[in-house]
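These notes concern the structure reproduced below.
The values are calculated or read from the model by the stated rules, or taken from the named source; none is laboratory data. Since this is a predicted model, take the numbers as computed values, not measurements. With ideal geometry, Cβ positions are generated from the backbone for all residues, glycine too; neighbour counts draw on all protein chains shown. With ligands, DNA and RNA removed, areas are computed over all heavy atoms of the protein, side chains included. Shrake-Rupley method; radii C 1.70, N 1.55, O 1.52, S 1.80 Å.
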Amino acid sequence: MRVGSFVLAARFPGQGEGEALHRAVRSAEVAEEAGLDTVWLAEHHFVPYGTCPSAITLAALLLGRTRRLRVGTAVSVLPTVHPVALGEQAALLHITSGGRFTLGLGRGGPWVDLEVFGAGLEAYEKGFPESLDLLVRWLREPSVGAAGERFRFREVPVVPRPSEALDEAEGPEVVLACTSPASVRLAAERGLPMLLGMHIGDEEKAEMVSLWKRHARACGRPAREIHRAAHVSAGVCQIADRRTDAAEILTKAMPGWLRQGLEAHVTVDGRQRRMRDPLAYTELLCGLHPVGPPRLCADRLAATSERTGISRFALLVEGSGDLAATEENVRRLGTEVLPQLG
């Protein structure tokens, strides 16, 4: 089982962006010290929900500051960037980090980001598969050209080629954030592992894994690839000696962050988006994920792995909104929970 942290660089009420980003960087450094496997970095624009606008840039910083830790994006939002530019950055990090980088990709939402970066709503609604395929080709082939609806260019050499890394990996691992049957099928057809969100429980995640396998078999993906697919489950982790204390830490801090963060999202076309009740959502997360004493947290992770077949976890550890509390939470995850998972 491989357990990592999920870092949003969330700005809680009363905090500044610098404080949020400092906590994000420091929590990643502590994650390596505590023995966690991976740090997963979120990406958001123009909202306090997450103050990191470029997950791949922050990944570069953290790869330079660590020696063992894997670093992944969760996710780089593909419709707002050129897939070749993102592919070049991913290849660079893969080679220079000795293969410690994972590129997590997602479609994002119908936000004003699409207007600001000139992508347009069509890039979100229709253009994602084309962008995804171009990016994957860039990471796997020696030269690439494009003749699609959105991207058209003559064949050019891939420089640097990910396969030139001084390790056995042909290129950076690519995972795909999946929130619907359509995105599950998209991932399965390409043999890409899924990143599944923290808003759903074990039963729904197990169904998505099963659906992924059915689609992968139907389109002829190799049996070995299907068996070895390392999907990732996102969740929340808060450790305290009593479960009530752990839940109280989150229910005091997270609703304020969720309220201001979710309310700040603006759609590109004026469509209305219904926001979750922040307190009810926090309570839901406390019920779904490892929140409580170390033994309970270990049991919860083991149970999720058994029910879903997922063995990788990206756990939000900054739910207290406090730097010292986040550092302690990460250390306890590494020293008191991981040993119980074998």
Hey, can you find the accessible area per residue of segment 1-65 for me, probe 1.4 Å, expressed in square angstrom?
34 Å²
If the reach is capped at under 20 angstrom between alpha carbons, list the lysines near K213, excluding any in the same chain fewer than eight residues apart.
K205
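If you restrict to DSSP beta bridges whose two residues both lie in the chain, what percentage is antiparallel, to the nearest 5?
Details: 5 of 37 bridges.
Roughly 15 percent of the DSSP beta bridges within the chain come out antiparallel.
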Rel. contact order, % - alpha carbon contacts under 8 angstrom, at least six apart, the chain
21 percent
In cubic angstrom per residue, the convex hull of segment 117-243 built on its Cα atoms measures 189 Å³
Per residue, how much accessible surface does segment 251-297 expose to a 1.4 Å probe? Answer in Å², no decimals.
53 Å²
Taking the Cα centre of the chain as the origin, how large is its charge dipole in debye, to the nearest 20, when only Lys and Arg (+1) and Asp and Glu (-1) carry charge on their Cβ atoms?
620 debye
In square angstrom, what is the accessible area per residue of segment 110-182 with a 1.4 angstrom probe?
57 Å²
Ignoring ligands, DNA and RNA, what percent of the 1.4 Å accessible area of the chain is carbon and sulfur?
50 percent
Given just the C-alpha atoms of segment 256-342, how large is their convex hull per residue in cubic angstrom?
133 Å³
Just report the Cα centroid separation between segment 205-273 and segment 167-187, whole Å.
15 Å
Estimated dipole of segment 1-95 in Debye, rounded to 20 [Cβ of Lys and Arg +1, of Asp and Glu -1, Cα centre]:
160 debye
Evaluate the Debye formula for the chain with equal point scatterers sitting on the alpha carbons, no solvent, and hand back log10 of I(q)/I(0) at q = 0.07, 0.08 Å⁻¹, in q order, two decimals.
-0.27, -0.36
SASA check, L134, accessible area w/ 1.4 Å probe, all protein chains in place, rounded to nearest 10 Å², comes out at 10 Å²
